[in-house]
Structure formats: structure tokens, C-alpha cells
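Participant: Have a look at this one before I ask anything.
The values are calculated or read from the model by the stated rules, or taken from the named source; none is laboratory data. Only a predicted model underlies this, so the values are computations on that prediction, with no experimental measurement involved. All Cβ positions, glycine included, derive from the backbone under ideal geometry; neighbour counts span all protein chains shown. For accessibility, only protein heavy atoms count, side chains too; no ligands or nucleic acids. Shrake-Rupley method; radii C 1.70, N 1.55, O 1.52, S 1.80 Å.
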Amino acid sequence: MRRAALARGTASTNQVYRVEGPGVPTPRTLTLRPGSGTRRAVNRVIAWLPDRIDRRVRVAAWLSFLAQTIIIATGGAVRLTGSGLGCPTWPMCTADSLVTTPEMGIHGVIEFGNRLMTGVVGIVALLVLLSIWRLRRERRDLWRLAVIVLLGIIAQAVVGGVTVWTGLNPFIVGFHYVASLVLVCVTAAYLVRLDATPGARELAAPRWFATLTHATTAVLAISIVFGVLTTASGPHSGDADAGRTGFNAELLEHVHAWPGYALFALTVVLATAAWRLRLQVARWMVALLAIELVQIAVGLYQARNGLPPLAVGVHMVLAALMAAAMTVVVLKLKRPVATDASADDAPVAASAR
């Protein structure tokens with residue numbers, strides 16, 4: 001077949017070709033537009049992305065929070081069922097297989113299932129990032145939080161690999177849990193910021209109340225750290241051959257309880273004050289108090305019944321929910337700075353353009 005090209009413009013512009021030869025009844029002209037189909041597809045996707053805080057943004061944010069909470073539960077299941085080395089290598093499950101094999105048994109299924117959950121969490125985090133792509137300049141606060149979560153997931157995957165390589169070192173396993181808990185807090189902060197008005201902020205509570213709240217947050221952090229050390233020293237090591245910290249687990253149980261009770265007492269004081277002062281944080285203080293009550297009950301039950309795995313797993317998830325609720329409380333200590341316009345008009349939604 002012979003082809004005569006009629007050049008128009010440069011190689012980056014449209015080109016017109018006349019096709020001639022046997023089997024072609026009449027000459028015809030083909031117009032080729034290099035890359036135009038891809039560009040149109042990308043433009044359609046970008047145009048579909050939200051340009052305001054709509055239902056898609058909110059659904060993605062809630063899915064991210066739920067996924068981060070669920071992966072704490074699945075990670076706990078790995079440890080509490082002795083499946084920590086169900087896949088003895090990383091990133092492969094075995095030396096010859098990326099996925100679990102029948103020879104690995106139920107422990108391999110549980111461990112590989114947790115690895116799959118990491119992929120789910122990563123996909124959801126990417127969806128969150130895409131959902132605010134068109135808002136990344138006007139809502140830099142949301143963009144930064146979304147990037148932190150995505151990078152944190154990548155880092156967590158590497159830490160998970162290190163835990164396998166070190167034979168479930170209890171300190172690394174504990175750090176792995178704490179990092180997951182921090183990501184739960186970041187996704188909770190993202191949910192709060194969705195409805196926040198960007199700009200300068202001021203205290204929405206008395207100074208003493210804010211100071212006591214931050215002190216309570218520190219007590220919560222201490223309680224979580226000692227809880228992690230207690231678990232790292234107890235019977236649930238993730239594998240029969242995994243090392244322990246060498247600390248006295250029974251003593252650590254009591255040490256862990258002390259800041260737990262202090263946390264509860266401080267929260268009672270804050271919740272009571274918040275209701276009497278009619279602060280915007282009052283309902284979240286009550287929610288935090290309720291979670292703490294359940295957490296104390298579960299803690300007492302597991303301590304008096306030989307640390308049953310299910311109770312320990314619930315305790316781990318409740319700790320993450322407590323930290324998330326405390327994150328919301330701290331963020332709601334402030335409100336947007338009042339302006340002349342806002343004094344006369346109704347509050348403008350954070351998603352308004």
C-alpha cells in the first residue's frame with residue numbers, strides 16, 4: 001500500500017494522511033490527533049472530581065476512618081491468634097509465593113488477610129486524596145492531612161515488614177500499633193476539619209479548661225504507652241517463638257491502670273464543666289467518657305479472666321476510639337475568629353466557594 005502524507009504543522013499537531021492502494025476504492029483522509037483521547041479522558045476525570053465538600057468527599061473520609069480502625073482489629077487478630085509469622089517473609093508471604101499457601105494453614109490466611117487490608121486502606125487513602133484534588137489550594141489543611149495519611153500507610157507497610165524480619169520484636173510491634181492509632185487520630189481530625197471554616201481560630205473555652213484538656217490528653221497518651229508495654233510483656237506475642245520485653249507483665253497491668261483511672265476522673269471533671277458552661281465540646285466530652293467507661297469494664301474483665309484474646313482485641317480497638325474522640329475534643333476547643341461579616345450573617349459552610 002502506498003501512503004502520501006500531506007504535512008500540516010509540526011509533529012505535535014494534527015496530521016492528515018491520504019491512503020491509496022489496492023483494495024481502497026477511493027482515496028480517503030484520516031485525521032490523527034496524538035494523545036487527544038488520553039487528554040480528554042483525564043479532563044473528564046478531573047471534571048468529575050468534587051469542587052466542594054460534597055457527599056463523595058464525606059463518604060471517602062468516613063471510609064478512611066473506618067478502614068484505619070478496622071486494620072487495628074485485623075492486626076490485633078494476627079497477634080492474638082499467634083499468626084504473626086503466618087507469612088514468614090516480607091514482602092512475599094513465603095520465599096516462593098506472594099500469597100499464602102495451603103501449607104501455611106489458618107495462620108497464613110489471617111496474616112495475609114491483614115496484609116490485604118493494608119492495600120484496602122491505601123486505596124481508600126488515595127480516594128480521599130483524589131476527592132479533594134480540586135480543593136487542594138483553598139483547603140490546604142485537608143490536603144496536608146490526606147497526604148500524611150497516605151504517606152503514613154506506606155511507612156506502616158515498611159514497619160510491618162520490619163516486624164516480620166525481626167521475628168516480631170515486641171518494641172517494633174508496639175510501635176506498629178501506636179503508629180496505626182495515630183493514623184486513626186489523623187483521619188478523625190480530617191472529619192472534623194471537613195466542616196471547619198478555614199482561617200484564623202480562637203479559643204472557644206476558658207483557658208483553664210483548654211489547659212486541663214491538654215493535660216488529660218497527655219494522661220491518655222501515658223495510659224496507651226503502658227498498655228502497649230503490658231501487652232508486649234504478656235502472653236499474646238503473636239508467635240510462640242517471639243521474644244518478650246522481659247518486664248513484669250502483672251506489675252505493668254497495675255501501672256497501666258493508674259493513668260487509666262486518672263484519665264477517667266479528669267474526663268468526668270471536664271464533661272461536667274463543659275455542660276455547665278455550655279461549651280461546644282460538651283457532647284464529645286460525654287462521648288469520650290462513655291468510651292472510657294466501656295474500656296475500663298473491658299480492662300477489668302480481661303485482667304480477671306486470664307486475658308482472653310477477644311477481650312484484648314476489643315481493648316485495643318477501644319483505645320484507638322478513645323484517642324480519636326480526644327482528637328475531636330482538642331480540635332473543638334477552638335472556633336473561627338469572628339469577623340464583622342460573620343457577626344451579621346449566618347455561618348458560611350466550609351465547602352462554600
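Participant: Condition test on Val314, is it in contact with a helix residue (DSSP H, G or I) (Cβ under 7 Å, 6 or more places away or on another chain), more than 23 Å from Gln68 (Cβ to Cβ), of a type in the set (Val, Ile, Thr) and not assigned by the TED database to the domain that holds Arg193?
Facilitator: Spelling it out, it is not the case that Val314 is in contact with a helix residue (DSSP H, G or I) (Cβ under 7 Å, 6 or more places away or on another chain), more than 23 Å from Gln68 (Cβ to Cβ), of a type in the set (Val, Ile, Thr) and not assigned by the TED database to the domain that holds Arg193.
Participant: Further question: Of Ala188, Ala196, Ala218, which residue is within 16 Å of Leu331 (Cα to Cα), among the small types (Gly, Ala, Ser), assigned to a helix (DSSP H, G or I) and in contact with a Leu (Cβ under 9 Å, 6 or more places away or on another chain)?
Facilitator: Working: Ala196 fails: assigned to a helix (DSSP H, G or I); Ala218 fails: in contact with a Leu (Cβ under 9 Å, 6 or more places away or on another chain).
Within the list Ala188, Ala196, Ala218, the selection yields Ala188.
Participant: Quick check, is Ala200 modelled with pLDDT under 90 and loosely packed, with under 15 Cβ neighbours inside 10 Å?
Facilitator: Here the answer is yes, as Ala200 does meet what is asked.
Participant: On to the next question. Which one of these does Asp239 not meet: (1) within 21 Å of Ser223 (Cβ to Cβ); (2) within 28 Å of the chain's Cα centre (by Cα); (3) charged (D, E, K, R)?
Facilitator: Only one criterion in (1) within 21 Å of Ser223 (Cβ to Cβ); (2) within 28 Å of the chain's Cα centre (by Cα); (3) charged (D, E, K, R) is unmet by Asp239, namely (1).
Participant: Now for a separate question. Could you grab me the full set of residues in the stretch 110-167 that are modelled with pLDDT under 95, among the charged types (D, E, K, R) and open to solvent by 40 Å² or more (accessible area, probe 1.4 Å)?
Facilitator: Arg115, Arg134, Arg136, Arg137, Glu138, Arg140 - these are the residues of the stretch 110-167 that are modelled with pLDDT under 95, among the charged types (D, E, K, R) and open to solvent by 40 Å² or more (accessible area, probe 1.4 Å).
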